[in-house]
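A short write-up of the structure that comes next.
Read-outs throughout are calculated quantities, based only on the coordinates presented, and are distinct from any laboratory measurement. What you are looking at is a predicted structure, and each value in this text was computed from that prediction instead of being measured. No Cβ is skipped: glycine too gets one built from the backbone with ideal geometry, and neighbour counts run over all protein chains shown.
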């Protein structure tokens, strides 16, 4: 493999990640279909690229199709191409993804979204290496390795009649499960530093970013439902918003986090209503319900500040479940700006 090949980002030192990479390297050498199973953002496309460039087909095309991004009526023509006059607007012959991937690899992301009638044509390609373009009768011969990816339960879909069992059997010569980020112990810190340094370079900053102990603890404690993609976004956002090389604040939800100009110690607007006093000897409020709501809103706001706008941690500080906290947050959202 020469040095001109694309850089493949496969960082990780955890046991689960190294085990996955070892199994991926073994399967890359065998010219058979592979299924990649993993949660959203776990790196299925990067894994497909690594499979391709470690295989004997590395010098030939790697063609990708996100099956969830197309209407079901368009997937067939996108995969197999079409002949002139096949449908309205088909003025000239068009090659599909299978022909474009000749000699190389076709990566089918979100494989479970392919309609059953199109699955039948894919099965024929897998078994015989031949298909017809939409609107045509001429047999087209291709030599393509298929790598599929999904975050759905394909055996369950097959049992429900929504995925062909025969095709599932052919495509699952090897099934590789990508470990979620929460199962990759130690990799969060490694990846965070990598993404931070890369973002700083992109912004033209000379100093390498450094996370405070508190920020590092937040990174390690977060469950990362969006996996590596979510981590990358959080880290890049933190570097972009930081005024220096030290990263002390993280924003896990950009729809909730304040902008950098809005500090937690910013004073309230002059016309903002004063919060009710907690002192027991003050006169009772004229509007009891409004006073209770003001007090609840203030507790929610204080918890958010203390948790650096991580709603799960704010809920813990108040002794509430996440869903209970979300209910209060929605109720008082207009009063929660710093």
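If I stretch the segment between residue 240 and residue 221 completely, what's the gain in nm (0.36 nm per residue apart, minus their alpha carbon distance), one decimal?
4.7 nm
Relative contact order (percent) for segment 185-252, with alpha-carbon contacts under 8 angstrom and 6 or more residues of separation?
With pairs under 8 Å counted, the relative contact order is 40 percent.
Taking neighbour counts of Cβ atoms within 10 Å as a proxy for exposure, in what order, fewest first, do 137, 25 appear?
137, 25
So if we plug the beta-carbon distance of residue 21 and residue 295 into 1/(1 + (r/R0)^6) with R0 = 51 Å, what FRET efficiency do we get, rounded to 0.05?
Efficiency, from the Cβ-Cβ distance: 0.45.
What length, rounded to one decimal in nm, is gained on full extension from residue 58 through to residue 166, with 0.36 nm per residue of separation minus their alpha-carbon distance? Can you show the working numbers first?
Values: separation 108, 0.36 × 108 = 38.88 nm, distance 2.80 nm.
Extending this stretch completely gives an extra 36.1 nm.
Quickly work out the residue 212-to-residue 30 label distance, labels modelled 7 Å from Cα along the C-beta direction, and quote it in nm with one decimal.
Calculated label separation equals 5.1 nm.
What is the extension gain from residue 255 to residue 229, computed as 0.36 nm multiplied by their sequence separation minus the C-alpha to C-alpha distance, in nm to one decimal?
Length gained between residue 255 and residue 229: 7.6 nm.
Label points 7 Å out from Cα along the Cβ direction at residue 68 and residue 185: separation in nm?
Once both label points are built, they end up 3.0 nm from each other.
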